[in-house]
Amino acid sequence: MAIPFEQSSALIAFLIDENQNFKVSRELPDNHNFGWWQSYDCPELKRYVDIHSKMGMAEPVIPGALFVSSQLLLFFPKAGEQFELLRQKIQEKFPDLSIIKTTSPLSDDYIWMEIFPKGVSKAHGIETICQLAGISRESTFSIGNDFNDLEMLEYTQHSYVVENAPEELKIKYLNSLAHHENGFSHAVNQHIRPKN
């Protein structure tokens, strides 16, 4: 799935007007190649470009250029309301896109906004597999560790999060050990252990 060039171009123009920093990935399977835009100094964008430019081609975005994309990624300081304010604006202007929040794997001080074509999510992938394999939703199990797992956790019948997940997820879902303490294995064992 991809975001068509007309929509990608409109979204890029919107984000530039909104003074945002972002990267935009090429269409699959070339999504390791990306463009990036810096509206203001952002250490997180620099970190991202420095790391990921070793895996593919990275070049500044040219406003107005046509660009079929698989994903756009924005960078926000964890503190503050920037993420939520922009999410609302994007959803109003581009209602057929999927917006996912995730914690930065590069810095504890940042969160990321991932923008995908509608229907691109872990939950949709699980639903498709279940339909193809004849598995009922009641038989589904998942374990997550961050906000980008939220749709999956909401879809599966038995949903766990690891101990080092954000607190708001730990309150809502079954808890397991931390990821580095075999949290996945522990959750599976808790789930399949015979009930007395």
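The values are calculated or read from the model by the stated rules, or taken from the named source; none is laboratory data. Note that the coordinates shown come from a computational prediction; the quantities given were computed from them, not determined experimentally. Glycine also receives a Cβ, built like all others from the backbone with ideal geometry; neighbour counts cover every protein chain displayed.
Tabulated results
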{"read-out": "Flag if Lys89 is in contact with a helix residue (DSSP H, G or I) (Cβ under 9 Å, 6 or more places away or on another chain), under 19 Å from Pro117 (Cβ atoms) and modelled with pLDDT of 95 or more", "value": "yes"}
{"read-out": "Residue count for region 108-139, restricted to those that are closer than 29 Å to Gln82 by Cα and modelled with pLDDT of 90 or more", "value": "8"}
{"read-out": "Given (1) more than 17 Å from Asp17 (Cα to Cα); (2) hydrophobic (A, V, I, L, M, F, W, C); (3) in contact with a strand residue (DSSP E or B) (Cβ under 8 Å, 6 or more places away or on another chain), number of the condition Met55 does not satisfy", "value": "(3)"}
{"read-out": "Selection count, region 102-129, where residues are among the basic types (Lys, Arg) and touching a strand residue (DSSP E or B) at 6+ places or on another chain (Cβ under 6 Å)", "value": "1"}
{"read-out": "Residue identified as in contact with a Lys or Arg (Cβ under 9 Å, 6 or more places away or on another chain), free of Cβ contacts under 8 Å to residues at least 40 places away in the same chain and not β-branched (Val, Ile, Thr) among Gly35, Gly80", "value": "Gly35"}
{"read-out": "Tally, over region 140-163, of residues that are among the small types (Gly, Ala, Ser) and at pLDDT 90 or above", "value": "2"}
{"read-out": "Test result for Pro29, out of contact with any strand residue (DSSP E or B) (no Cβ under 6 Å at 6 or more places or on another chain) and closer than 17 Å to Met1 by Cα", "value": "yes"}
{"read-out": "Wholly within region 108-196, helices (runs of 4 or more DSSP H) carrying at least 2 residues that are polar (S, T, N, Q)", "value": "122-133, 183-192"}
{"read-out": "The lone exception for Ala2 - which of (1) small (Gly, Ala, Ser); (2) over 17 Å from Glu114 (Cα atoms); (3) at pLDDT below 90 it fails", "value": "(2)"}
{"read-out": "Counted residues, region 1-12 - those being more than 17 Å from Gln91 (Cβ to Cβ), among the small types (Gly, Ala, Ser) and surrounded by fewer than 18 Cβ atoms within 10 Å (Cβ to Cβ)", "value": "0"}
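The rows are residues; the columns are (1) surrounded by fewer than 15 Cβ atoms within 10 Å (Cβ to Cβ); (2) of a type in the set (Phe, Trp, Tyr).
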| residue | (1), (2) |
| --- | --- |
| Arg87 | no, no |
| Ile90 | no, no |
| Tyr110 | no, yes |
| Pro117 | no, no |
| His124 | no, no |
| Gly134 | yes, no |
| Leu150 | no, no |
| His158 | no, no |
| His180 | yes, no |
